[in-house]
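The values are calculated or read from the model by the stated rules, or taken from the named source; none is laboratory data. These figures come from a predicted structure and were not determined experimentally. Glycine gets a Cβ as well: all are built from the backbone with ideal geometry, and neighbour counts include every protein chain shown. The protein model used for the area step is the full one, side chains on, heavy atoms only, and it has no ligands, DNA or RNA in it. Shrake-Rupley method; radii C 1.70, N 1.55, O 1.52, S 1.80 Å.
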Amino acid sequence: MTATTSSGPAARPRRRRPELAAFLRGRRARITPEEAGLPAGPRRRTPGLRREEVAQLAGIGITWYTWLEQGRPINASGQVLDAVARVLRLDEAEREHLYHLAEVPFVPRHDQLPREVGPDVRTVLSALEPLPAVVYNARYDILAHNAFYPALMFASPTYPEGVPRNATEALFTGPPESCPVVFRKEELRLMVASLRGAYGNHVGEPAWESFLRRMRARSPEFAAMWASGDVAPHGPRVKVFRHPVAGELRLRTLSLAVSGMPETRMVVYTGDDEATQARMARLREGD
């Protein structure tokens, strides 16, 4: 028989429940009746909303909400947590914290993927030169990049001029001979598998469903890979690129989370061997 320690997995829910109770009480105390659209009424002994007022505004039972705020081991749905988050005016970071404390898989609000980056991120991208670097969201929208990223990804003379808005769409709908990676099918299959992994948090969202319908209609190859149901995480690995000037490049990818931008990562490409590093140096020297 194995003893259970106080720091093991079984102890985590017991620790989260008191934290959940304290978090809800603190958020409730900061909302005034006037902010919630309720009359102020007589003088209150405690600041903020009462439990019954939160339950009423969220459309849930007072007993159930009381148990939730007391940290009792009850199961909450995402729909109920969203109703509570709306009443307590939680921002996205607080809402995610609520989900984690309630032990419910977090789902970002509809179409909450970042669509632009700030000046600090762009400064970092420029500072990384001459390493190619790009910022993607979970849908592979290209949010920002430095000068060396398009020189690596879209340097083929058969590729349309300019940098596309979405890397998945560009690689699947562009001419196959313009694809910059050597093992095209393997790389695209991994791309679709990681896209499906992200899609699990966005099922039913109009922006995602529209994107996937468009991709399946435009690319039978994408449709077939999507239908396979494969799922894969992002992670560092080596990709082999075919550059029209520098030749074959073995590059290691490094994914870095971007603080304050959920489901967004900066991908940096570094030479995996001396031959690649030398070829990239010659490429830089020749502009």
Of the peptides 275-284, 261-270, how do they stack up when ordered by the mean number of other Cβ atoms within 10 Å, highest first? 261-270, 275-284
Computed [θ] at 222 nm, helices only, for the chain once each DSSP H run of length n ≥ 4 contributes -39500 (n - 2.57): -13000 deg cm²/dmol
Give the accessible surface of region 156-287 per residue, rounded to a whole number of Å², with probe radius 1.4 Å and ligands, DNA and RNA excluded. 53 Å²
R0 of 41 Å, Cβ-Cβ distance residue 186-residue 103: FRET efficiency to nearest 0.05: 0.65
Taking only C-alpha pairs under 8 Å that are 6+ residues apart, what is the relative contact order of region 175-287 in percent? 21 percent
So, with points 7 Å from each Cα along the Cβ direction, the residue 22-residue 79 label distance in nm works out to 3.3 nm
Roll a 1.4 angstrom probe over the protein heavy atoms and tell me the percent of accessible area of the chain that is carbon or sulfur. 53 percent
Among [x] 6, 25, 31, 24, 12, 3, 0; [y] 6, 22, 24, 19, 15, 10, 3, 0; [z] 7, 31, 39, 20, 3, 0, which one is P(r) over Cα pairs in 10 Å bins from 0, in percent computed from these coordinates? [y]
Would you please give the residues with an amide H less than 5 Å from that of residue 146, counting only those at least 5 places away or on a separate chain, with H modeled from the backbone geometry? 133
